[in-house]
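See structure below.
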Amino acid sequence: MTVGTPIGRVGQPAGQDLIAQDRRYLEILDPWPGSRILHLGCGDGRLTLRLAGAVGGYGRVVGVDTEAEALGLARSQLADFRLARVVNYVRFDGQHLPFRAGGFEAALVTESLASSPDPLDLIAEVRRVVARGRRLVFVQTDWETAIYNTADEGLTRRVVQALREALPGGTLGRQLFGLARRAGLADMWTDVYVLYNTEFREPLYGHFLATKLVKELLVDDGSLPASDYEAWVESLRRTAESGEYFFSINRYVCVATA
């Protein structure tokens, strides 16, 4: 989901790192054939289509996002998808889900709490629309956990700090368990998915973050001087050429029962 700032939900390449990440999210949600699933924060629909594959022709997956651009891209991918009739996309306002109480049998909420004026209220909304006793999975990145091994550690710290400040809810990942507990969810447990790369190249996420998101969020709006950005990217390339490049970021997962 994207609100106000692009965080990679639209036009983001799906490398093997993101495919592995999606696979882990599906393992945690554990959807079954014929089930009705809510995917809040569907973005361009990449993961939503994998959910549709899991529920099969007798199931239903509803992808929800705040961004019209993302939903347009998601809908455009349905034309060649064999289970297109299983999927529906809906836009919402970041606060109120336009669904009846208990209408879903599970919910996967990816990177969506930062879009809401009140994340606690949004958790309550998700709980409302999922049948009692069914599974809820919330995923939220903590942007301060982004790590790049570069020759210029000081500049890298500046970039990561500026990125955290530019993104809404940049530290919600670390707050996720506490928010879910305050919302009164039951049977809670947590997981941390560490997305990492050892190569600086497309379509891997670390490359996308450095060459697209940082530029759009920090350089284009003047938060980071272009000269500093160019020096930083060059340091990443030099580190990659030496075989010592490393990137990682933490996705925090909270699993609960509605």
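Just so it is clear, none of the values below were taken in a lab; they were calculated from the coordinates. Predicted, not measured: the structure shown is a model, and the values here were computed from it. Cβ placement follows ideal geometry from the backbone for every residue including glycine, while neighbour counts extend to all protein chains displayed.
What residue, of E202, E165, is charged (D, E, K, R) and either surrounded by 14 or more Cβ atoms within 10 Å (Cβ to Cβ) or out of contact with any Pro (no Cβ under 8 Å at 6 or more places or on another chain) (or both)?
Checking each option against the conditions leaves just E165.
Being out of contact with any strand residue (DSSP E or B) (no Cβ under 9 Å at 6 or more places or on another chain), more than 17 Å from G206 (Cβ to Cβ) and assigned to a helix (DSSP H, G or I) is the requirement here; does A124 meet it?
When the stated conditions are applied, A124 passes them.
Of the conditions (1) within 26 Å of L73 (Cα to Cα); (2) in contact with a Cys (Cβ under 6 Å, 6 or more places away or on another chain); (3) among the β-branched types (V, I, T), T190 fails just one. Which one is it?
Among (1) within 26 Å of L73 (Cα to Cα); (2) in contact with a Cys (Cβ under 6 Å, 6 or more places away or on another chain); (3) among the β-branched types (V, I, T), the lone unmet condition for T190 is (1).
Would you mind finding the one in L195, L209, L176 that is within 26 Å of I28 (Cα to Cα), assigned to a strand (DSSP E or B) and among the hydrophobic types (A, V, I, L, M, F, W, C)?
L195
Which condition does D228 not pass, out of (1) in a helix (DSSP H, G or I); (2) among the charged types (D, E, K, R); (3) over 23 Å from the mean Cα position of the chain (by Cα); (4) more than 17 Å from R157 (Cβ to Cβ), if it passes all the others?
Only one criterion in (1) in a helix (DSSP H, G or I); (2) among the charged types (D, E, K, R); (3) over 23 Å from the mean Cα position of the chain (by Cα); (4) more than 17 Å from R157 (Cβ to Cβ) is unmet by D228, namely (4).
Looking for whichever is of a type in the set (G, A, S), farther than 22 Å from G72 by Cβ and more than 21 Å from the chain's Cα centre (by Cα) here; the options are A162, A166, A101. Which one fits?
Checking each option against the conditions leaves just A101.
Given the condition touching a residue at least 12 places away in the same chain (Cβ under 8 Å), part of a strand (DSSP E or B) and out of contact with any helix residue (DSSP H, G or I) (no Cβ under 6 Å at 6 or more places or on another chain), answer yes or no: does some residue in segment 97-105 qualify?
yes
Taking the options A131, A70, A106, name whichever one is closer than 24 Å to R251 by Cα and surrounded by fewer than 24 Cβ atoms within 10 Å (Cβ to Cβ).
Matching residue, one of A131, A70, A106: A106.
From F81, F92, grab the single residue that is farther than 23 Å from E125 by Cβ and in contact with a strand residue (DSSP E or B) (Cβ under 8 Å, 6 or more places away or on another chain).
It is F81.
Looking only at segment 47-90, filter to residues that are in a loop (DSSP other than H, G, I, E, B) and of a type in the set (F, W, Y); which one of those is farthest from A14 (Cα to Cα)?
Filtering first and then ranking leaves Y58.
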